[in-house]
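Here is the structure we will look at, set down as structure tokens.
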Ligand code: NAP
């Protein structure tokens, strides 16, 4: 019988004690800024001359820390370390590997606000968003450890008289873990530990913008007892070491989360078999989204407006699940739009270190420029209702922005912007709503706000997304409760935080003995 799992609760910052504790953590992390974090290969700290300086996106002058950058030669060294460590790590009992995850979860829980404070500083997350990111990382550790225990004896198969059949799962080998900036703790940690607990060894390449939080996690895993060489930490340029490792003949699998463009590149390059390679690489690729909140005629319109606004602007729209499109029935369109605009005007944009801030900056200059260029496109394609302004003098701040009256095929309705911009589109009837909801290349999340039972049941079948929500927003999946992953060009639908996830890091082995 496997241990009970329930997700890590979110911190209620309205309670003075929690607010004070978080402020103290932020003050502590402020004393830790500017440190340097070397590569970690086979437990050894390696400093390189090339360094990446990580800055606070809310204050460009403030350095969070720096990391050493791996080149191809060091990536090769990390590969050799992981290959060597695999020979012993694969023989560890699943229970013993799981215990390291349980211990890591306990350590992270004790230092929860500290980790969240790094997320505030390095990723620009407001308190609640940072707290949710850390909670999700703890959930991944707890949940995958329990899942591993469930899988440790394999699955049952039948045996005929005079025969004994068994079906077990064995690890794959060395995996490359490539993570995005937007859940720099949860996704980075979740994808890393899923591979580790199942007996693989890994090379972890964090996103360029958020390497310090990853370095803190690597330290934590060492403290939890992870043997040398199992997790090799190699920040480096995606284009340089990313391509090199994806094509490496000893790479057994790649676990990637990020944009569609990079995901497709990895998928294509991983498909080619190189000299010395004796397997087909497995690729887990979780990619972008263009997610829709659909509002029916028969809906609670306040709930609809709130669902649209909070799905669009949580973490400045930088979630793959962000609701960047609102498709609203024509009879309630004006009213929902008005409510959404009114609510948006109440949102505060500013320094995420301040408790009152609802929305912080976007991650970096390139992102700022891209989002601002989409705002210009929006002005051509639709009607600017609120926002539209940016200010990058100190940090990369963009006002929450709503555009109305978009054509269903407009660029704002089709392309992932990954910023605080939502496009409203009017629909004639429910058939039209479903058609628009499914008219992109993506298929990650979606929400239907409706009190029409028949429409809810139809959407359950017809709305083609990996994560579909009714009468709530389309962000905020919880590990173990709403397994997460998308259809179509949103990825390989690996369903992180779900019961089918760990198996992707293993292969089934059948043994059959005749007596
Ligand atoms: P990104 O630009 O695609 O980067 C993701 C990771 O890929 C980074 O570590 C990046 O390294 C690395 N990379 C870049 N080029 C590479 C290459 N040629 N080979 C190997 N790795 C390479 O994405 P992002 O801006 O960090 O994150 C935002 C995107 O992630 C959005 O599209 C969002 O929808 C998606 N996302 C999806 C999910 C999901 O579960 N479906 C969850 C979160 C985010 P560098 O940073 O060093 O370039």
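Scanning the range 230-248 for residues that are more than 7 Å from the ligand (Cβ to nearest atom), part of a helix (DSSP H, G or I) and either farther than 15 Å from residue 83 by Cα or out of contact with any strand residue (DSSP E or B) (no Cβ under 7 Å at 6 or more places or on another chain) (or both) turns up 240, 241, 244, 247. Of everything in the range 368-380, what is in contact with a helix residue (DSSP H, G or I) (Cβ under 9 Å, 6 or more places away or on another chain), buried (at least 18 other Cβ atoms within 10 Å of the Cβ) and more than 16 Å from residue 312 (Cβ to Cβ)? Give them in sequence order. Within the range 368-380, no residue meets the criteria. Residue selection: residue 297 fails the criterion of being near the ligand (Cβ under 10 Å from one of its atoms) and either assigned by TED's automatic domain parsing to the domain that holds residue 335 or assigned to a helix (DSSP H, G or I) (or both).
With respect to (1) surrounded by 21 or more Cβ atoms within 10 Å (Cβ to Cβ); (2) within 30 Å of residue 511 (Cβ to Cβ), the lone exception for residue 133 is condition (2).
When residue 265 is tested against (1) more than 16 Å from the ligand (Cβ to nearest atom); (2) closer than 19 Å to residue 416 by Cβ; (3) part of a helix (DSSP H, G or I), just one condition goes unmet, and that condition is (1). The residue list 439, 452, 467 contains one member that is modelled with pLDDT of 95 or more, on the phi < 0 side of the Ramachandran plot and surrounded by 21 or more Cβ atoms within 10 Å (Cβ to Cβ), which is 467. Across the range 249-262, the number of residues qualifying as in contact (Cβ under 8 Å) with a residue 60 or more places away in the chain, over 19 Å from the mean Cα position of the chain (by Cα) and assigned to a loop (DSSP other than H, G, I, E, B) comes to 1. Restricting the range 1-57 to residues that are under 30 Å from residue 85 (Cβ atoms) and not assigned by TED's automatic domain parsing to the domain that holds residue 129 leaves a set whose member that is modelled with the lowest pLDDT is 2. Restricting the range 188-207 to residues that are over 14 Å from the mean Cα position of the chain (by Cα) and part of a loop (DSSP other than H, G, I, E, B), the residue that is farthest from the ligand (Cβ to nearest atom) is 199. Residue under question is residue 390, and the condition is that it be surrounded by fewer than 21 Cβ atoms within 10 Å (Cβ to Cβ) and either out of contact with any helix residue (DSSP H, G or I) (no Cβ under 8 Å at 6 or more places or on another chain) or free of Cβ contacts under 8 Å to residues at least 12 places away in the same chain (or both); does it hold? So residue 390 fails the test.
Being crowded, with 22+ Cβ neighbours inside 10 Å, within 16 Å of the ligand (Cβ to nearest atom) and in contact (Cβ under 8 Å) with a residue 60 or more places away in the chain is the requirement here; does residue 476 meet it? No. With respect to the conditions (1) assigned by TED's automatic domain parsing to the domain that holds residue 282; (2) on the phi > 0 side of the Ramachandran plot, residue 418 falls short on a single one, namely (1).
For the range 209-229, state whether one or more residues are assigned to a loop (DSSP other than H, G, I, E, B) and within 16 Å of the ligand (Cβ to nearest atom). Yes: one or more hits.
Which condition does residue 311 not pass, out of (1) in a helix (DSSP H, G or I); (2) closer than 20 Å to residue 439 by Cα; (3) away from the ligand (no atom under 16 Å from the Cβ), if it passes all the others? Failed condition: (3).
The values are calculated or read from the model by the stated rules, or taken from the named source; none is laboratory data. Source: prediction; values computed, not measured. Reconstructed Cβ throughout: ideal geometry from the backbone, glycine too, with neighbour counts over all protein chains shown.
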